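The values are calculated or read from the model by the stated rules, or taken from the named source; none is laboratory data. Keep in mind the model is a prediction, meaning the values are calculated, not measured. Quick reminder, even Gly has a Cβ in these numbers, built from the backbone with ideal geometry, and neighbours come from all protein chains shown.
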Amino acid sequence: MSELDKITLTAGGKAFDLPVLQPTLGQPCVDIAALPKESGCFTFDPGFGATASTKSAITYIDGDAGVLLYRGYPIEQLAEKSSFLEVAYLLLNGELPSKEEFAGFEHAVSHHTMMHESLKHFFRGFHHDAHPMAMLAASVASLSAFYHDNLDVDDPADRKMAAIRLIAKMPTIAAACYRYSIGWPFSYPRNNLEYVERFLHMMFEVPSEPLQLNPVAAKALDLLFILHADHEQNASTSTVRLVGSTGANPYASVAAGITALWGPAHGGANEAVLKMLEEIGSPDNVESAVRRAKDKNDNFRLMGFGHRVYKNFDPRAKIIREMCHKVLAELGVNDPLLEVAMKLEEAALKDEYFVERKLYPNVDFYSGIIYKALRIPTEMFTVMFAIARTAGWIAHWIEQHETPGARIGRPRQLYTGSGVRDYVPVDKR
Ligand code: SDX
């Protein structure tokens with residue numbers, strides 16, 4: 001089929017053309033800027049299932065083929081050969097770093113890992129059982145109060161500094177959320193450790209004795225961070241872009257992304273999956289769980305299943321499922337929930353309801369089983385997702401600010417409220 005360069009519509013008997021924009025990969029997009037003037041109509045697309053909100057060169061997804069590329073590199077290759085920090089550099093800069101470039105990036109990140117001592121007082125205001133995502137969102141939003149020296153969103157150097165600070169401090173703040181919730185003293189980052197080892201050390205070290213880091217755990221978490229680093233215009237990334245489009249500072253924009261990620265339909269699903277598996281409890285209960293998931297009168301859903309874009313296996317879920325067996329075996333962990341998950345997947349993928357709707361396991365279905373094996377508490381699962389996704393969020397935030405002519409995001413609506421009417425005095429109502 002020849003390359004589509006326009007589509008022709010008719011409105012009120014009048015035909016008009018709308019230009020079609022061609023991508024490097026994937027689906028072309030109809031530029032509808034002229035639609036209201038030509039037809040007097042807006043488009044209507046709640047949930048944005050058919051709407052491209054922006055151009056972007058960062059991540060590409062082919063939902064039908066189950067393809068995920070970061071800056072053109074297949075996720076399978078990055079998972080096998082790269083590290084999270086190298087992937088963060090790739091997402092931010094568009095190219096894999098040379099040895100020197102990576103050394104400079106790693107040095108910059110490792111020298112911005114501490115949080116301001118005053119930020120620790122923030123935590124005192126939380127009840128000990130506050131959800132860590134609430135503490136994370138509030139703490140990240142407050143970073144703009146500590147780093148107002150580099151907040152000119154139009155200055156590339158300030159944008160880069162904010163990216164370094166966010167990627168560097170997210171693990172420190174995340175570990176503080178966990179340690180506050182269990183009444184442990186905060187832990188300081190160790191610059192002699194690599195990114196993920198430094199995080200695990202801050203999570204689990206105790207002043208009373210040295211922590212023996214497990215390389216299997218560090219490798220597994222680094223791989224999970226790679227897989228969660230970015231994913232095109234998902235709900236939380238779109239939130240970061242929308243907030244960023246108003247000129248809000250990067251810390252406020254990323255804090256908005258954290259709150260969007262928290263929802264169980266999005267990043268909060270990994271915590272919900274583990275709770276669902278625990279509720280199902282045994283492979284014998286899988287059939288009834290699948291029945292409930294199909295029952296429209298029951299709001300039970302198979303958490304970790306389905307995806308707006310993937311109508312095939314989520315390539316990340318495939319990698320994580322294989323990791324589950326390997327990591328649990330290497331750690332000597334035997335978790336009965338893995339068998340429940342495998343049985344659930346097997347039952348759902350044979351069931352017409354799921355097959356017809358192309359509902360497959362997504363990135364959140366198996367990740368919690370690995371987090372649990374790494375002794376990360378369930379309520380911290382979405383915090384793990386947020387640490388990784390910070391790289392993607394800030395890369396999109398920077399890309400948006402580097403786009404000439406970028407405008408504030410301001411969708412329209414289909415108004416269904418009352419027509420014009422006059423005010424009625426209270427004694428006449
Ligand atoms: C993430 O966008 C991203 O890229 C997100 C993410 C990323 O990396 O940023 O990939 C991370 O958020 C993964 C998704 C995590 N969420 C869950 O696992 C929650 C469970 N999944 C669903 O709630 C749902 O599948 C969504 C939210 C993921 C997608 O929702 P859609 O695209 O709006 O699909 P839908 O709700 O319209 O469902 C279509 C049909 C419906 O049935 P019918 O109306 O056709 O009869 O499929 C059904 C739904 O009821 N359905 C499910 C289901 N998911 C969809 N039925 C049972 N269990 C499910 N999990």
Does Phe365 fit the bill of being modelled with pLDDT under 95, within 15 Å of the ligand (Cβ to nearest atom) and touching a strand residue (DSSP E or B) at 6+ places or on another chain (Cβ under 8 Å)? no
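Consider Lys326 carefully, then state whether it is within 15 Å of the ligand (Cβ to nearest atom), modelled with pLDDT under 95 and either under 26 Å from the mean Cα position of the chain (by Cα) or not β-branched (Val, Ile, Thr) (or both).
no
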Considering region 275-302, residues that are more than 12 Å from the ligand (Cβ to nearest atom) and of a type in the set (A, V, I, L, M, F, W, C), and then whichever is farthest from Ser144 (Cα to Cα), we arrive at Val286
Which one of the conditions (1) modelled with pLDDT of 95 or more; (2) over 19 Å from Gly268 (Cα atoms); (3) more than 23 Å from the chain's Cα centre (by Cα); (4) of a type outside the set (Gly, Ala, Ser) does Leu337 fail to meet, given that it meets all the rest? (2)
Sort out for me the helices (runs of 4 or more DSSP H) sitting completely within region 15-93 that have 2 or more residues that are of a type in the set (A, V, I, L, M, F, W, C). 75-81, 84-93
What do you reckon, is Phe365 over 30 Å from Asp154 (Cα atoms) and surrounded by 23 or more Cβ atoms within 10 Å (Cβ to Cβ)? yes
From the list Gly419, Gly392, Gly409, exactly one residue is within 12 Å of the ligand (Cβ to nearest atom) and either under 27 Å from Gly306 (Cα atoms) or at pLDDT 95 or above (or both). Which is it? Gly392
Return the total of residues in region 10-23 being in contact (Cβ under 8 Å) with a residue 12 or more places away in the chain, closer than 30 Å to Gly72 by Cβ and not aliphatic (A, V, I, L, M). 2
Restricting to region 147-178, name every residue that is within 17 Å of Glu197 (Cβ to Cβ) and either within 18 Å of the chain's Cα centre (by Cα) or not small (Gly, Ala, Ser) (or both). Ile167, Ala168, Lys169, Met170, Pro171, Thr172, Ala174, Tyr178
Every residue in region 251-285 that is surrounded by fewer than 18 Cβ atoms within 10 Å (Cβ to Cβ) and of a type in the set (D, E, K, R), please. Lys275, Glu278, Glu279, Asp284
Restricting the first residue to region 375-400 and requiring it to be surrounded by fewer than 22 Cβ atoms within 10 Å (Cβ to Cβ), which pairs with a second residue that is modelled with pLDDT under 95 and not hydroxyl-bearing (Ser, Thr, Tyr) meet a Cβ separation below 7 Å and a spacing of at least six or different chains? Gln400/Ala406
Between residues in region 55-83 that are over 17 Å from Asn362 (Cα atoms) and residues that are within 12 Å of the ligand (Cβ to nearest atom) and among the polar types (S, T, N, Q), which pairs lie under 6 Å by C-beta distance while being six or more apart or on different chains? Tyr70/Thr59
Consider Lys311 against the criteria (1) away from the ligand (no atom under 13 Å from the Cβ); (2) closer than 28 Å to Gly392 by Cα: it satisfies all of them except one. Which criterion is unmet? (1)
